[in-house]
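Report on the structure given below.
The values are calculated or read from the model by the stated rules, or taken from the named source; none is laboratory data. Just so it is clear, the structure is predicted and the values come from calculations on it, not from any experiment. Glycine also receives a Cβ, built like all others from the backbone with ideal geometry; neighbour counts cover every protein chain displayed. For the accessible areas, the whole protein counts, side chains as well, though only heavy atoms, and no ligand, DNA or RNA atoms are used. Shrake-Rupley method; radii C 1.70, N 1.55, O 1.52, S 1.80 Å.
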Amino acid sequence: MNKRLKENIFKVVIIILLLIIGFAYLYPLAFMISTSFMDVDDLVNPTVQWIPSKLYLDNFKIASKVLDVKKSLLNSIIMAGVPAILQTISSALIGYGFARYEFPLKKLWLALLLFTFLLPVQVTLIPKYIMFSSYGMINTPLPSFLPALFGQGIRSAIFILIFYQFFSSYPKSIDEAAQIDGAGHFTIFMKIAIPMSIPAIVVSLLFSFVWYWNETYLSGLFFGNAIQTLPMKLQSFVDAYSRMYPVSDASLANRLNEGIRMAATLITIIPLLILYALLQKQFVESIDRTGITGE
């Protein structure tokens, strides 16, 4: 077997593997989109598999009403966007401090930082709740905003390490040259370090936004019913639907079915799909430059 034939076989194997992985990811999304546009007749018709006989939009109208989209979407954007921005700022500052300055027990603090990433969230859940409760912060955005501001947000450690890697990758002589020209530490950080770390900033913002968007367990614990995001509404969708459309009063078209469930799920993830579609190029380039393998 010659070298060229081996290379062709290797390419074919890689293509097949990519197709299998792509199918595994796209099949649930395609099924969700297809089912969300089906009415009751299509759902019970065994001859209708993927393509609905007509585009039925009432599923989205009902799901939007149950999810209270206008209010919960705004809550989701605020509760995901603000912590993502705060977490990116704090991670960049902490990562820059570790990369460019020497201070006592630096390696120990880095080890403790890594340990916080490995530590399960459930271990600190009760102490956090007691602390925030004692300060009267339960049912407010502060239990989400404050940890993000001080580098203790959702998976903050990994973003700090990303910035640490980025700021360590360029020579300190650049900073020293700027200092000779009269630039202070803050000016060097803003004018030199930040522009060079744009890929890390993009990764931190996008991953933080997605993780905060999808967070329901901590949000339900700290916010309760005071702040309801789209994923939290989706989590209690069946109960909310049962209250709004009692079985005794609901018509056949309004009974909870797979089409309405899929429409509600699609409404919840559409903002993330739009965000990724708009920032796809920057996201892929940033992932490549930061070396993140995915989550």
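Glu102 contributes an accessible area of around 140 Å² to the protein surface, as traced by a 1.4 Å probe with all chains present.
Measure off, as a whole percent, the carbon and sulfur share of the 1.4 Å-probe accessible area of the stretch 147-194, all protein chains present. If you can, show how the numbers build up before the last one.
On the way: 1620 of 2600 Å².
So the carbon and sulfur contribution to the accessible surface is 62 percent.
Our compactness index for the stretch 123-276, the C-alpha radius of gyration over the empirical 2.2 N^0.38 Å, is 1.50.
Centre-to-centre, using Cα atoms only, the stretch 100-154 and the stretch 253-274 are separated by 34 Å. Computed with every protein chain present, the accessible area of Asp41 is close to 100 Å² [probe 1.4 Å]. Across the stretch 107-253, Cα pairs under 8 Å and at least six residues apart give a relative contact order of 28 percent. Considering only Phe237, Ile269, Ile174, the residue lying farthest towards the positive end of the dipole of the stretch 151-284 is Phe237, judged by Cα position with unit charges set on Cβ. Asn257 sits among other residues whose Cβ lies under 12 Å from its own Cβ, and their net charge, with Lys and Arg +1 and Asp and Glu -1, is -3. In a simple Cβ point-charge model (Lys, Arg +1; Asp, Glu -1; nothing else charged), the chain has a dipole of about 400 debye relative to its Cα centre. GNM remark for the chain: springs join alpha carbons under 10 Å apart, and the peak mean-square fluctuation among Ile14, Ile194, Ile94 falls on Ile14. Here the contact order of the chain, divided by its residue count and restricted to Cα pairs under 8 Å and six or more residues apart, works out to 32 percent. Between Thr187, Thr140, Thr116, the GNM of the chain built on Cα springs shorter than 10 angstrom shows Thr187 fluctuating the most. What lysines could a cross-link reach from Lys281, if we take a straight Cα to Cα line under 27 Å and drop same-chain neighbours fewer than 8 places away? Qualifying lysines at Cα under 27 Å: Lys11, Lys191.
For Lys71, the lysines whose Cα comes closer than 24 Å to its Cα, not counting residues fewer than 8 places off in the same chain, are Lys61, Lys233.
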